[in-house]
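As structure tokens, the structure follows; a few thoughts come after it.
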Amino acid sequence: MKIEIRLIPTVEIWPNTGQIKGLPANPRFIRDERFDALLRSIVDDPDMLELRECIVIPYADAYVALAGNMRYKATAEIVNLDEAAWSDLIASKKKELKEKNISYQYDYWLSHITALKTSKSIPCKIIPADTPIEKLRAIVIKDNIGFGQDNWDLLEKDWNLVELEDFGMIMMDFGAAADDEQEDFESSLPEDGAADIVATAPPVELKIVFEDIQQYDTVKLEIEELLKGYPGAVIKV
């Protein structure tokens with residue numbers, strides 16, 4: 001398979017909505033808060049788009065995104081910011097880098113984010129238009145599968161948790177959710193009934209960290225279904 005790599009204007013790329021015969025629409029979706037995290041990720045490190053290009057295929061004088069639909073969508077939003085929003089973004093990033101005492105990174109960052117805005121394009125790998133439909137189906141699904149798992153103990157030991165959240169990792173704190181539920185329950189009781197509450201042992205805490213939003217959404221739905229069999233148990237994210 002001969003692959004071409006180049007910048008393609010975002011206006012020439014279509015999301016995969018099932019327009020290619022035999023290829024279902026992109027099965028991925030992204031929630032508002034995760035999309036905001038993706039926007040921030042691209043704004044913070046626009047040069048990383050060059051390290052992980054979108055995969056597209058020629059279609060009807062344009063291109064269809066097979067892999068990287070969410071990155072394409074976020075990039076299109078960034079490059080089409082109006083002047084006021086763009087100025088705010090630049091000023092905010094400059095202030096952020098100054099507060100972190102890493103102002104020396106500003107010029108490098110500015111050159112890359114400006115190049116992205118000016119070109120209104122995203123790095124892409126273009127696969128041949130005659131690629132078999134079976135291969136296209138494999139690309140769409142396999143690109144979305146997260147085979148690896150994180151070692152939370154090592155992340156907690158060797159990494160700054162605030163930094164991980166800034167990078168866009170998802171952390172679920174079930175212990176905090178249980179505490180919140182207990183507080184909600186106690187606050188709903190009449191004052192004269194509060195003294196009758198029997199002290200209980202602290203709840204066991206469970207944290208789950210996901211890098212892959214598809215895994216997060218799948219597991220969250222499965223946990224919500226499981227908790228239906230445990231009255232009073234809740235999940236809060």
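The values are calculated or read from the model by the stated rules, or taken from the named source; none is laboratory data. Since we're looking at a predicted model, the values are computed, not measured. Please note: Cβ atoms are built from the backbone with ideal geometry, for glycine as well, and neighbour counts cover all protein chains shown.
Residues being surrounded by fewer than 11 Cβ atoms within 10 Å (Cβ to Cβ), more than 20 Å from the chain's Cα centre (by Cα) and assigned to a helix (DSSP H, G or I) are represented in segment 113-120 by at least one member. Across segment 26-51, the qualifying residues are those that are modelled with pLDDT under 90 and either not assigned by TED's automatic domain parsing to the domain that holds Lys93 or not in a helix (DSSP H, G or I) (or both), and the one among them that is farthest from Ile133 (Cα to Cα) is Arg31. Does Lys125 satisfy the criteria of being more than 19 Å from the chain's Cα centre (by Cα) and either under 30 Å from Asn80 (Cα atoms) or not assigned by TED's automatic domain parsing to the domain that holds Phe35 (or both)? It is true that Lys125 is more than 19 Å from the chain's Cα centre (by Cα) and either under 30 Å from Asn80 (Cα atoms) or not assigned by TED's automatic domain parsing to the domain that holds Phe35 (or both). Restricting segment 52-98 to residues that are more than 30 Å from Ala129 (Cβ to Cβ) and touching a residue at least 40 places away in the same chain (Cβ under 8 Å) leaves a set whose member that is surrounded by the fewest Cβ atoms within 10 Å (Cβ to Cβ) is Leu89. Taken over segment 111-147, residues that are in contact (Cβ under 8 Å) with a residue 60 or more places away in the chain, farther than 17 Å from Arg71 by Cβ and small (Gly, Ala, Ser) amount to 1. With respect to the conditions (1) at pLDDT below 95; (2) within 26 Å of Ser111 (Cα to Cα); (3) part of a helix (DSSP H, G or I), Val11 lacks only one, and its number is (1).
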